[in-house]
Amino acid sequence: MEVLITQRKLTDSEITTLIHDGKFFPHVAYVSRSRWQSLSQPYIVEVDGVFAGVCAAYHFDKWIKLGPLEVLKLYHGKGVGKILLQKIVNDNKDLNIFIASSNPSVKHIIESFKFTPISNILSLPKEVKLFLLEKIFEHLSFNFFYEGLRKNFFLLRRDVKYYIKGPTNSKK
Ligand SMILES: CC(C)(COP(=O)(O)OP(=O)(O)OC[C@H]1O[C@@H](n2cnc3c(N)ncnc32)[C@H](O)[C@@H]1OP(=O)(O)O)[C@@H](O)C(=O)NCCC(=O)NCCS
């Protein structure tokens, strides 16, 4: 299995596949086509030359926020998600990294990278809270709520955990 990770825009057909698969993933919020299209340099993973998933990386201040993160169903449990996240963490050693997830696989992977878990959203650094607040207003839509209710998403999200990691390259 050859895994290649690059940063580029998603194609329309990749977005269609992500939206299709995303309908069946309980831990993923509704991501609109326009939101996928708006990502300028998401991390794209290909397996043996075929599109297999994506992770967005939003930059703000000295931070990046990871997600939405989706590996296509066909590739789950093969180590693809871990390779993708490891690459992003390696590429961004100079920055603070933030990720939130209710997915047990993501929590397992992220904990293996020694991120610090934060259980209460209010305890997150101020810059992260402000960024999340700004994004909430951008993403709210009828479909966001409809899909959330359909997936029982809001119930699952009770298990959401927040993780942060400081820069590992900085000289102290
Ligand atoms: C979550 C996701 C990105 C993980 O990618 P993946 O390629 O399936 O994950 P990997 O195979 O690389 O690794 C999964 C790890 O989680 C572990 N794992 C799997 N199920 C688990 C569970 N229920 N509890 C704890 N750990 C679990 C696996 O053992 C593996 O760890 P290991 O490498 O130490 O053995 C992918 O499954 C996905 O896209 N899911 C749907 C969308 C989603 O929920 N996205 C996350 C939103 S934040």
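The values are calculated or read from the model by the stated rules, or taken from the named source; none is laboratory data. Everything numeric in this text was worked out from a predicted model, so none of it was measured. Cβ coordinates were reconstructed from backbone atoms using ideal geometry, including for glycine residues, and neighbour counts include every protein chain displayed.
More than 10 Å from the ligand (Cβ to nearest atom) and of a type in the set (D, E): is that true of E111 in this structure?
no
What is the residue count in the stretch 118-148 for residues that are among the charged types (D, E, K, R), modelled with pLDDT of 85 or more and loosely packed, with under 13 Cβ neighbours inside 10 Å?
2
Output the helices (runs of 4 or more DSSP H) that fall wholly within the stretch 26-119 and possess 3 or more residues being over 17 Å from R8 (Cα atoms), or say none.
Filter on the stretch 26-119 gives 80-91, 104-112.
Could you list, in sequence order, the residues of the stretch 117-132 that are more than 15 Å from L66 (Cα to Cα) and out of contact with any Leu (no Cβ under 9 Å at 6 or more places or on another chain)?
Matches in the stretch 117-132: S119, N120, L122, S123, P125, K126, L130.
What about W63, is it surrounded by 13 or more Cβ atoms within 10 Å (Cβ to Cβ), away from the ligand (no atom under 13 Å from the Cβ) and closer than 15 Å to Y162 by Cβ?
yes
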